[in-house]
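The values are calculated or read from the model by the stated rules, or taken from the named source; none is laboratory data. Every value quoted in this text rests on a predicted model; they were computed, and no experiment measured them. Every residue, glycine as well, gets a Cβ built from its backbone with ideal geometry; the counts of neighbours run over all protein chains shown. Areas reflect the complete protein model, heavy atoms only, side chains present, ligands, DNA and RNA absent. Shrake-Rupley method; radii C 1.70, N 1.55, O 1.52, S 1.80 Å.
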Amino acid sequence: MKYEKLFEPGKIGRVELRNRVVMTAMGTHMGDWNGCTNDGQVRFYEERAKGGCGLIIPEFTSVDGESGHCDMIQLGLYDKRHIKSFELICEAVHCHGAKIFAQLHHGGREAPPACNGGKQAMAPSVELNSVVGRETILPREMTVEDIDRLVGLYIQAGLNAQLAGADGVEIHGAHGYLLQQFLSPYTNKRTDEYGGSVENRCRFMVRILKGIRDAAGPAFVVGARINGNDFVEGGNDQAACVEIAKYLEPYVDYFNVSCGVYASASTMIEPYYYPESWRTEFIKAIKDNVKVPIIAVNSIKHPLAAEQQLQDGVSDFVGMARMHIADPDIVKKTRAGREDLIRKCLGCMNCNKSIVAGQNLHCALNPVAGRELRFGDDMLIKNGGGRKVAVIGGGPAGMQAALLMKKRGFEPVIFEKSDALGGSTILASKAPCKQLAQEFVDTQIAEMEEYGVEVRLNTAATVDNVRALEPYCVVVACGGEQIAPRIPGIDGENVYYIDDVLLGKVKFSGKKIAVIGGGHVGLEAAHFLCADNRVTVVEMQKEAGTSIYRTARFKLLALLEESGVELLTEHAIAGVEDGQAVLKKMDTGETVHLPAEVVVMALGNRPDRTYEDELRAAFEHVVIIGDAAKAGTIADATRTAYESCFYL
């Protein structure tokens, strides 16, 4: 078998698992306001169980009704009403052959008062929790009575999980939440029995683990999520985390190894700048020093990487959270030998961004995720009857729309003016660390072939060409036009656009380059160019990259700074001359000159409204999606395809 280890049955405690794939915990923001689940959330987890994974660990679940919540909408197991609620998830998961552990959580100093009835957060010690881009929180120091109370609440939550039908619990001792705050000297400055030595810092967690084990019995799995490295000065490094694991081992059935705290957030929920399997060293360090099974999240995107992690003895089980959001059928497709159809998580952070913003879960690659009751295949209105649909543009929006319309019984035909499918995503994939964008294009192309969608490359979608199809409707997904400012010198020989640069139409070395536009595209163009050139990014706003989610933004800005890229904010392009860009200061209007042998325009796209009007005048049913409607991201492309075409 190609994936001998991946599909090998496994065992944690006394619980047998059908394979070595674990959907690890990540927030969905899909429950209700009192810690209970709802039909949409139950369906979300059911789809992942149907997809074939061996174990599901749903999102962090609160143990305390009065404190510790890190989200306005967060599952709970602190009240009897939550037993029935969580039972609905357990039943849905078990019906499809998967097992389920509840992850028990208290946020400690990461619990905003706004999520806890205005109550001050509590922590091991009074340490100001101030992370750029997040609310500053000043916690109070926990008393021994507070600790005693929470031990009891964790135990009761564990029993509630057992009553609900869960196969075990995972105590969340990672990511800078309460128990990890006690484990780490970065946040634990106590001098009593709960601070100082490893034994003392582990005492709180040990009491919880022992308490649940004694109350729930030996057949109920009790495990812990821990860090392999805090990646913060003054915290636990790899060696310290190994010592903690060794100390906790007698009290657990398994460890789920992760890393990072909110002060090192890009390591905790990493964006695409981190390579696949980058966590291997510290995971293996723990694995080599304990005997209990190890679940490990390691930014795995490909089944082969998952198999290799198991073959190399890095872990006993492979954890994948965001991959299961992007494609709930990853296990099923892998077993069928259809890896080409797996939608592999981009690491774009769109899921995390949506949760932090207080929205429902959004996935850039899977617009159905979190909306299974609205957009699931069982909800499709299959009224196509073989009628033709013209899809203009073969980028992510166009291909997503074509796939959806095909499933509904229509016969979509994609008109693509270039010689390849992919649209602007091909451009995006050329930036450093963005190769997964090309893999998404490849997956969509495989989907077109699998479903028999007709594709006409090198074919302009003129009104006459489209009319010849006699379509029921026209879906416009042709992207936008690059913005070219009306300034002196815009047609100069030293002026280029991002497609010239990223597609390799031109190459530069040893040049002074001005990239005009400090948005996502401009910063990535600068990242692409900076290895061999001196690059300055010019941005009108006070800050660059404000449209990028903070975790990815901070990492990208750090990479640019390390590479010597200069950011010149509050300046606008006013003209281009030989050997320099003419800029205008936004505050004073003063004209300044920036030495630049090359000027690259990265100001984004805008829709072609004239073409849109022509189509509307010629056809009854016309919908506009993706960048053809408004410049956006892959997430906007796939989402608008579903929203516009699901009921069309």
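Let me check I've understood the local charge: for Ser130, count other residues with C-beta under 14 angstrom from its C-beta, Lys and Arg +1, Asp and Glu -1. What total comes out? Kindly include the intermediate steps, with their values, before the conclusion.
Values: positive: Arg109, Arg134; negative: Glu110, Glu127, Glu135.
Spelling it out: positives minus negatives among the neighbours equals -1.
Averaging over all projection directions, find the projected area of the Cα convex hull of region 535-648 and quote it in nm² with one decimal place.
10.3
Just to confirm a number: summing +1 for Lys and Arg and -1 for Asp and Glu over residues other than Met405 whose beta-carbon lies under 12 angstrom from that of Met405, what do you get? Write out the running numbers ahead of the final one.
Numbers: positive: Lys382, Arg387, Lys388, Lys406, Lys407, Arg408; negative: Glu411, Glu454.
Residues close to Met405 contribute a combined charge of +4.
Using +1 on the beta carbon of Lys and Arg, -1 on that of Asp and Glu, and nothing else charged, what's the dipole of region 439-593 about the Cα centre, debye to 20?
Working: 14 positive and 25 negative charges, 100 e Å.
Around 480 debye, computed over region 439-593.
Taking the C-alpha atoms of region 128-245, how large are the radius of gyration and the largest Cα-Cα span, Dmax, in Å?
Expressed in Å, the Cα Rg and Dmax of region 128-245 come to 15.0, 44.
With everything on Cα atoms, drop me the angle between helix 634-645 and the longest principal axis of the chain, reported from 0 to 90° to the nearest 10.
80
How much net charge surrounds Asp578 when only the other residues with a Cβ under 11 Å from the Cβ of Asp578 are counted, with Lys and Arg +1 and Asp and Glu -1? Walk me through the numbers before you get to the answer.
On the way: positive: none; negative: Glu493, Glu577, Glu597.
My count for the surroundings of Asp578 gives -3.
Between Val576 and residues 5 or more places away or on another chain, which pairs have amide H atoms under 5 Å apart, with H built 1.01 Å from N, and which residues are they?
Gly489, Ile490, Val582
Compute the separation of the alpha-carbon centres of region 206-245 and region 435-465 and state it in Å as a whole number.
With region 206-245 and region 435-465 each reduced to a Cα centre, they are spaced 48 Å.
Across region 505-520, in residue order, what do the Karplus-derived ³J(HN,Hα) couplings come to in whole Hz, using 6.51 cos²θ - 1.76 cosθ + 1.60 with θ = phi - 60° and x for Gly and Pro?
Working through the residues one at a time gives 5, 9, 10, 10, 8, x, 9, 8, 10, 9, 9, 8, x, x, x, 4 Hz.
Test of understanding: express the Cα radius of gyration of region 171-328 as a ratio to 2.2 N^0.38 Å, with N the residue count.
Working: Rg = 15.5 Å, N = 158, 2.2 N^0.38 = 15.1 Å.
Cα-based Rg divided by the globular estimate yields 1.03.
Separation between the His621 and Ser509 pseudo-spin-labels, each 7 Å from Cα along Cα→Cβ, expressed in nm?
Using points 7 Å along Cα→Cβ, the separation is 5.5 nm.
Tell me the relative contact order for region 126-271 as a rounded percent, counting alpha carbon contacts under 8 Å between residues six or more apart. Show your work: numbers first, answer last.
Values: 222 pairs, mean separation 34.6, N = 146.
The normalised contact order for region 126-271 reaches 24 percent.
Can you give the Rg to Rh ratio for region 47-171, taking only C-alpha atoms and Rh from Kirkwood? Numbers along the way, then the final one.
Details: Rg = 16.0 Å, Rh = 15.4 Å.
Reported Rg/Rh, Kirkwood definition of Rh: 1.04.
Hey, can you find the accessible area per residue of region 398-444 for me, probe 1.4 Å, expressed in square angstrom? Kindly include the intermediate steps, with their values, before the conclusion.
Numbers: 1390 Å² over 47 residues.
Normalised by residue count, the accessible surface of region 398-444 is 30 Å².
Compute the relative contact order of the chain as a whole-number percentage, counting only Cα pairs closer than 8 Å that sit 6 or more residues apart in sequence.
In percent, rounded to a whole number, it is 11.
Would you kindly work out the equivalent ellipsoid of region 350-433 from its C-alpha gyration tensor and give its semi-axes, the square roots of five times the eigenvalues, largest first in whole Å?
Working: eigenvalues 127, 104, 9 Å².
Over the Cα atoms of region 350-433, the semi-axes work out to 25, 23, 7 Å.
Using Cα-Cα distances under 8 Å and only pairs 6 or more residues apart, what relative contact order does region 410-530 have, in percent? Kindly include the intermediate steps, with their values, before the conclusion.
Values: 86 pairs, mean separation 39.0, N = 121.
It comes to 32 percent, rounded to a whole number.
Would you please report the Å³ per residue occupied by the convex hull of the alpha carbon atoms in region 301-374?
On the way: hull volume 7.8 nm³, N = 74.
Enclosed volume per residue, from the Cα hull, is 106 Å³.
Please compute the modelled spin-label separation between Lys542 and Lys11, points set 7 Å along Cα→Cβ, answer in nm with one decimal.
Output for this residue pair reads 6.2 nm.
Please list, ordered by chain and number, the residues whose modelled amide H lies under 5 Å from the amide H of His106; skip anything fewer than 5 residues away on the same chain.
Residues meeting the amide H criterion: Leu178, Leu179.
Would you mind computing the Rg to Rh ratio of region 413-546 from its alpha-carbon coordinates, Kirkwood style for Rh? Write down the numbers at each step before the final one.
Numbers: Rg = 18.2 Å, Rh = 17.4 Å.
The Rg/Rh ratio comes out at 1.04.
Just to confirm the number: angle between the C-alpha axis of helix 238-248 and the first principal axis of the chain, 0 to 90 degrees, nearest 10?
With rounding to tens, the tilt is 40 degrees.
Using a simple spin-label model with points 7 Å from Cα along the Cα→Cβ vector, what separation in nm is obtained for Leu138 and Gln438?
5.2
Scaled to the compact-protein estimate 2.2 N^0.38 Å, what is the alpha-carbon radius of gyration of region 324-471, rounded to two decimal places? All intermediate terms of the calculation are to be shown ahead of the outcome.
Values: Rg = 16.2 Å, N = 148, 2.2 N^0.38 = 14.7 Å.
Dividing the Cα Rg of region 324-471 by 2.2 N^0.38 Å gives 1.10.
Along region 294-302, what does the Karplus equation 6.51 cos²θ - 1.76 cosθ + 1.60 (θ = phi - 60°) give for ³J(HN,Hα), rounded to whole Hz, x for Gly and Pro?
10, 9, 9, 8, 8, 6, 6, 10, 10
Quick one: which residues, 5 or more positions from Met26 or on another chain, have an amide H under 5 Å from its amide H? H modelled 1.01 Å from N in the peptide plane, none for Pro or chain starts.
So Met26 has HN proximity to Glu59, Phe60.
Please report, largest first and rounded to whole Å, the three semi-axes of the ellipsoid equivalent to region 101-182, where each semi-axis is the square root of five times an eigenvalue of the C-alpha gyration tensor.
Numbers: eigenvalues 124, 40, 26 Å².
Sorted largest first and rounded, they come to 25, 14, 11 Å.
For the Cα atoms of the chain, what angle does the longest principal axis make with the long axis of helix 435-451, in degrees from 0 to 90, nearest 10?
So the helix axis and the longest Cα principal axis differ by about 80 degrees.
Beta carbons within 10 angstrom, averaged per residue: use that to sort the peptides 554-561, 263-270, 296-303, highest first. Before the final figure, lay out each step's value.
Details: 554-561: 17.6, 263-270: 20.9, 296-303: 23.5.
Going by the mean number of other Cβ atoms within 10 Å, highest first, we get 296-303, 263-270, 554-561.
Starting at the first residue of region 18-28, write each ³J(HN,Hα) from the Karplus equation 6.51 cos²θ - 1.76 cosθ + 1.60 with θ = phi - 60°, in whole Hz, x for Gly and Pro.
In residue order, the calculated couplings are 6, 7, 9, 9, 10, 7, 7, 6, 7, x, 10 Hz.
Looking at region 601-648, which GluC sites (Glu not before Pro) are DSSP coil and have at most 12 other C-beta atoms within 10 Å of their C-beta? Mind showing how you got there, number by number?
Numbers: sites: Glu612, Glu614, Glu620, Glu643; in loops: Glu620.
Within region 601-648, the qualifying GluC sites (Glu not before Pro) (loop, at most 12 other Cβ atoms within 10 Å) are Glu620.
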